[in-house]
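Q: I'd like to ask some things about the structure below.
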Amino acid sequence: MSQSPLLRPSREEAEDAIRTLLRWAGEDPSREGLLDTPGRVVRSYEEFFAGYGEDPSSILSRTFSEVDDYDEIVLLRDIRFESHCEHHMVPIIGVAHVAYLPSKRVVGISKLARVVDAFSRRLQIQERLTAQIANTINDVLQPHGVAVILEAGHQCMTTRGVHRPGVSMVTSRMLGIFRTNSDTRRELMSMLNRPSVATAQL
Ligand SMILES: [Zn+2]
């Protein structure tokens, strides 16, 4: 019998699925140390994939318009994010740099980080995650331009398959003036290359 993909299984069904995977791995799910594992895994999934319950556009909907004609780049850099690759369901961990050039409206900086979280906490590929963050900021704030750069390690490359630790993947999406004006892009790069007061912990 086929099931509708939109019909969310019960918590019990989800926990049963974990018991199946434990048996598949060669384990005995009734072993004492594993008794509570299905429940813990399902609760972890609620955290890892909390982004499905969030609307990133509405996160950006409260903006400030009185910015005294501030017309320079706003850059939030080294935003740590944790996502999961949709091909292997293992972590993608990295940092995001998010910049925009406001036209009329600015948004609280914590909101930019929350947009990164809302899209990260889903099954992703890094290219789409990068584009979704940039497109949403562009659509809601309608700035002169948006730049999003992601740098991340993929555990599907480091802990399985080709086993290549220390490799990071960099993706970027430039919209508006960051795409069309090389001076603006260069200014962004020099802001990114400046030593940071905070230290990113990858
Ligand atoms: Zn993968």
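Q: Bin by bin, in steps of 10 Å, what percent of the Cα pairs in the chain do you find, going until the bin that has the longest distance?
A: Binned Cα distances yield the sequence 8, 28, 30, 19, 10, 4, 0.
Q: Return the FRET efficiency for the residue pair ARG23, SER172: r is the Cβ-Cβ distance, R0 is 41 Å, and the value is rounded to the nearest 0.05. The partial results should precede the final answer.
A: On the way: r = 43 Å, r/R0 = 1.05.
After rounding, the FRET efficiency stands at 0.45.
Q: Measure off 7 Å from each Cα along the Cα-to-Cβ vector at THR37 and MET89, then give the distance between these two points in nanometres to one decimal.
A: Between THR37 and MET89, the simple spin-label model gives 1.4 nm.
Q: A follow-up question, please. Compare GLY53, GLY26, GLY108 in a GNM of the chain, Cα atoms joined below 10 Å, and give the one with the largest fluctuation.
A: GLY26
Q: If the chain between GLU13 and ARG194 were fully stretched, how many nm would it gain, using 0.36 nm times the residue separation less the Cα-Cα distance?
A: Details: separation 181, 0.36 × 181 = 65.16 nm, distance 5.03 nm.
Separation in residues times 0.36 nm, less the Cα-Cα distance, equals 60.1 nm.
Q: So, one more: What longest region of the chain stays clear of trypsin sites (Lys or Arg not before Pro) that DSSP places outside H, G, I, E and B and that have at most 14 other Cβ atoms within 10 Å?
A: Details: sites that count: ARG31, ARG62, LYS104, ARG160.
Here the longest segment lacking exposed loop sites spans 105-159.
Q: Can you list which of the GluC sites (Glu not before Pro) found in the range 14-51 are DSSP loop residues with at most 15 other C-beta atoms within 10 Å?
A: On the way: sites: GLU15, GLU27, GLU32, GLU46, GLU47; in loops: GLU27.
For GluC sites (Glu not before Pro) across the range 14-51 that sit outside H, G, I, E and B with at most 15 neighbouring Cβ atoms in 10 Å, the list reads GLU27.
Q: Go through the range 80-97 residue by residue and turn each phi into a ³J(HN,Hα) via Karplus (6.51, -1.76, 1.60, θ = phi - 60°); whole Hz please, and just put x for glycine and proline.
A: Once θ is set to phi - 60°, the couplings for the range 80-97 become 5, 9, 10, 10, 9, 6, 6, 8, 10, 6, 10, x, 10, 10, x, 10, 10, 10 Hz.
Q: Could you work out what % of the accessible surface of the chain is carbon and sulfur, using a 1.4 angstrom probe and leaving DNA, RNA and ligands out of the count?
A: Details: 6380 of 12530 Å².
Result for the chain: 51 percent of the exposed heavy-atom area is carbon or sulfur.
Q: Using each residue's phi in the range 151-167, evaluate 6.51 cos²θ - 1.76 cosθ + 1.60 at θ = phi - 60° and report the 3J(HN,Hα) Karplus result to the nearest Hz, with x for Gly and Pro.
A: These are the phi-based 3J(HN,Hα) values: 10, 8, x, 10, 5, 6, 9, 8, 10, 8, x, 7, 6, 10, x, x, 8 Hz.
Q: Sorted from largest to smallest, which semi-axis lengths in Å does the alpha carbon gyration tensor of the range 11-50 give for its equivalent ellipsoid, taking the root of 5 times each eigenvalue?
A: On the way: eigenvalues 67, 20, 14 Å².
Each semi-axis is the square root of five times an eigenvalue, giving 18, 10, 8 Å.
Q: Next up: Around GLU47, what is the net charge, scoring Lys/Arg as +1 and Asp/Glu as -1 over all other residues with Cβ under 10 Å from its Cβ?
A: That works out to 0.
Q: Follow-up question, since we're still on this one. Report the one residue of SER44, THR158, ALA17 whose Cα lies farthest in the direction of the positive end of the charge dipole of the chain (charges on C-beta: Lys and Arg +1, Asp and Glu -1; origin at the Cα centre).
A: Farthest towards the positive end: THR158.
Q: Quick check: residue separation of TYR70 and ASN181 times 0.36 nm, minus the Cα distance between them. What number comes out in nm? The partial results should precede the final answer.
A: Working: separation 111, 0.36 × 111 = 39.96 nm, distance 1.89 nm.
Residue separation times 0.36 nm, minus the Cα-Cα distance, leaves 38.1 nm.
Q: Further, regarding this structure: Using a simple charge model, +1 on the beta-carbon of Lys and Arg, -1 on the beta-carbon of Asp and Glu, nothing else, what dipole does the range 54-195 show about its Cα centre, in debye to the nearest 20? It would help to have the intermediate numbers written out before the result.
A: Working: 17 positive and 16 negative charges, 89 e Å.
So the magnitude is around 420 debye.
Q: What FRET efficiency would be calculated for the residue pair SER103, TYR52, taking the C-beta separation as r and a Förster radius of 41 Å, to the nearest 0.05?
A: Details: r = 31 Å, r/R0 = 0.75.
Taking R0 as 41 Å, the efficiency between SER103 and TYR52 is 0.85.
Q: In whole Hz, what ³J(HN,Hα) sequence does the range 24-30 give by Karplus (6.51, -1.76, 1.60; θ = phi - 60°), x for Gly and Pro?
A: 4, 6, x, 9, 10, x, 8
Q: I'd like to know which of VAL116, VAL140, SER168 lies farthest towards the positive end of the charge dipole of the chain, counting +1 on Cβ of Lys and Arg and -1 on Cβ of Asp and Glu.
A: My answer, from the dipole projection, is SER168.
Q: Let me ask something else. Measuring with a 1.4 Å probe in the full set of protein chains, what accessible area per residue, in whole Å², belongs to the range 45-138?
A: 49
Q: Before rounding to the nearest 500, sum -39500 (n - 2.57) across all DSSP H runs of length at least 4 in the chain and divide by the residue total; then give [θ] at 222 nm in deg cm²/dmol.
A: Values: 8 runs with 78 residues, N = 202.
Only helices count here, giving -11000 deg cm²/dmol.
Q: Can you compute the charge dipole magnitude of the range 11-50 about its Cα centre, using +1 on each Lys and Arg Cβ and -1 on each Asp and Glu Cβ, nothing else charged? Give it in debye, rounded to the nearest 20. Don't jump to the answer; show the numbers that get you there.
A: Numbers: 6 positive and 10 negative charges, 17 e Å.
Result for the range 11-50 is approximately 80 debye, rounded to the nearest 20.
The values are calculated or read from the model by the stated rules, or taken from the named source; none is laboratory data. Source: prediction; values computed, not measured. Cβ atoms come from the backbone with ideal geometry, glycine included; neighbour counts cover every protein chain shown. Keep in mind that these areas ignore ligands, DNA and RNA; they rest on the heavy atoms of the full protein, side chains included. Shrake-Rupley method; radii C 1.70, N 1.55, O 1.52, S 1.80 Å.
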